[in-house]
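So the structure is just underneath, and the comments pick up after that.
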Amino acid sequence: MSLKSQRLGQIGVNVVERIILRDWQARWQALDSHNDDGVDGLIFLESNGEATGQVIYAQVKTYSDMEPNRAGAFTLPIGTERLTKAIARWRRLIGAAIVIYVDPISLHAFWADAKYVPPGQSQISIPSNQKFDRTARAVISHLCGTLYRDLLVPRLVAEPGHFTHLTSDEYIKVAAHKLYHSLESNPVMLGSLGPRVHFPREGWRHIIRRERPKLTRYQSFVLLGVVRPILELTHEWDLRDARISSYRGNRLVAARCAVSFPFRQTGIVNVVLRKRHAKGDLDYQFHTVYEPRRRRDVLGVREPLSQ
């Protein structure tokens with residue numbers, strides 16, 4: 001590498017580091033050039049001075065005399081073989097991976113999601129409207145997925161006995177309805193010894209309402225099998241506020257658990273409850289059960305950004 005290329009590279013890294021430290025209020029860890037392996041540095045996100053667990057791997061590119069093409073994107077020449085190897089490395093990383101282009105004259109920076117660079121290319125396209133600045137933090141942080149949070153939730157190892165309603169000869173909706181009734185007739189207590197959770201008709205009507213897609217209703221029928229063990233594993237102080245845009249009633253709270261199923265992969269399950277004050281006493285009523293990670297990849301990322 002020539003001295004000119006080294007200077008350009010250092011300018012780019014300095015610009016990125018300044019944005020991370022000053023604008024993002026996060027940490028930047030540079031990697032030695034002979035150890036970068038397609039990554040120039042690591043970004044560790046923080047919240048109120050504490051690490052969130054989100055890690056962003058960054059490759060910084062600095063080129064002189066680079067202008068956007070007709071599509072409004074910067075085209076960075078990498079080379080087919082080199083880029084193919086880099087894409088394979090980026091996709092193996094646990095966390096977000098981005099490519100940042102820095103203009104050494106204006107010191108403006110732009111970014112693209114490295115994990116969704118099309119294979120077989122010799123160039124990387126970086127949209128000129130994706131500025132790497134203070135506002136980019138929120139968007140890029142979503143590329144980290146939810147794995148860093150999911151590792152902290154309680155774990156439940158479900159047993160085949162939790163799902164006898166699935167092996168019944170009855171139609172699944174009928175069997176699930178009977179299971180739902182049993183949750184009310186055989187009381188369920190938060191944390192086994194805490195407040196009782198009631199299962200009113202409104203809860204059943206909510207999960208079977210016609211506005212829900214059929215497969216979503218089916219998923220709730222399946223998940224009813226782990227509602228009791230999740231609630232008995234969750235103490236009242238472990239409940240978290242739940243936000244459901246379609247709900248306009250009393251306060252909602254959720255019991256969240258990582259459930260290891262005996263017939264499929266582990267998933268995060270939310271049991272949502274209505275929290276009400278009735279005659280001076282706190283009352284919990286079942287609202288719904290669902291998996292919040294639907295339509296996400298294994299890291300919990302919802303979908304790739306368009307490049």
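Details
- Candidates Leu215, Leu239 - the one that is open to solvent by 90 Å² or more (accessible area, probe 1.4 Å) and among the aliphatic types (A, V, I, L, M): Leu215
- The listed residues are Thr52, Thr84, and the only one of them that is within 29 Å of the chain's Cα centre (by Cα), polar (S, T, N, Q), under 19 Å from His142 (Cα atoms) and modelled with pLDDT of 90 or more turns out to be Thr52.
- Residue that is part of a loop (DSSP other than H, G, I, E, B), of a type in the set (A, V, I, L, M) and out of contact with any strand residue (DSSP E or B) (no Cβ under 9 Å at 6 or more places or on another chain), where the choices are Leu152, Leu193, Leu179, Leu215: Leu193
- Every pair of residues 6+ apart whose Cβ atoms lie under 6 Å, when the first sits in region 271-284 and is open to solvent by less than 50 Å² (accessible area, probe 1.4 Å) and at pLDDT below 90 while the second is basic (Lys, Arg) and in a strand (DSSP E or B): Asp283/Arg276
- Restricted to region 157-176, and to residues there that are in a loop (DSSP other than H, G, I, E, B) and open to solvent by 50 Å² or more (accessible area, probe 1.4 Å), the residue that is nearest to Leu215 (Cα to Cα) is Tyr171.
- Subset of region 92-124 [of a type in the set (S, T, N, Q) and free of Cβ contacts under 8 Å to residues at least 24 places away in the same chain]: Ser106
- Test: Ala158 is among the small types (Gly, Ala, Ser), in contact with a Pro (Cβ under 7 Å, 6 or more places away or on another chain) and at pLDDT 95 or above: yes
- Among the residues of region 75-103, the one identified as surrounded by fewer than 13 Cβ atoms within 10 Å (Cβ to Cβ) and touching a strand residue (DSSP E or B) at 6+ places or on another chain (Cβ under 7 Å) is Pro77.
- Within region 136-160, residues that are within 12 Å of Gln54 (Cβ to Cβ) reach no partner that is open to solvent by 20 Å² or more (accessible area, probe 1.4 Å) and in a helix (DSSP H, G or I) with beta carbons closer than 7 Å at six or more positions or on different chains.
- Arg205 meets the conditions (1) open to solvent by 50 Å² or more (accessible area, probe 1.4 Å); (2) modelled with pLDDT of 90 or more; (3) assigned to a strand (DSSP E or B) in every case but one. The failed one is (3).
- Breaking point among (1) closer than 26 Å to Gln10 by Cβ; (2) at pLDDT 95 or above; (3) open to solvent by 10 Å² or more (accessible area, probe 1.4 Å); (4) of a type outside the set (A, V, I, L, M), for Ser106: (2)
- Residue that is modelled with pLDDT of 90 or more and either surrounded by 20 or more Cβ atoms within 10 Å (Cβ to Cβ) or in contact with a Lys or Arg (Cβ under 8 Å, 6 or more places away or on another chain) (or both), where the choices are Ala30, Ala26: Ala26
The values are calculated or read from the model by the stated rules, or taken from the named source; none is laboratory data. Please read these numbers as outputs of a predicted model, since none were measured by experiment. Reconstructed Cβ throughout: ideal geometry from the backbone, glycine too, with neighbour counts over all protein chains shown. To get the accessible areas, we keep the full protein, side chains included, count just its heavy atoms, and leave off ligands, DNA and RNA. Shrake-Rupley method; radii C 1.70, N 1.55, O 1.52, S 1.80 Å.
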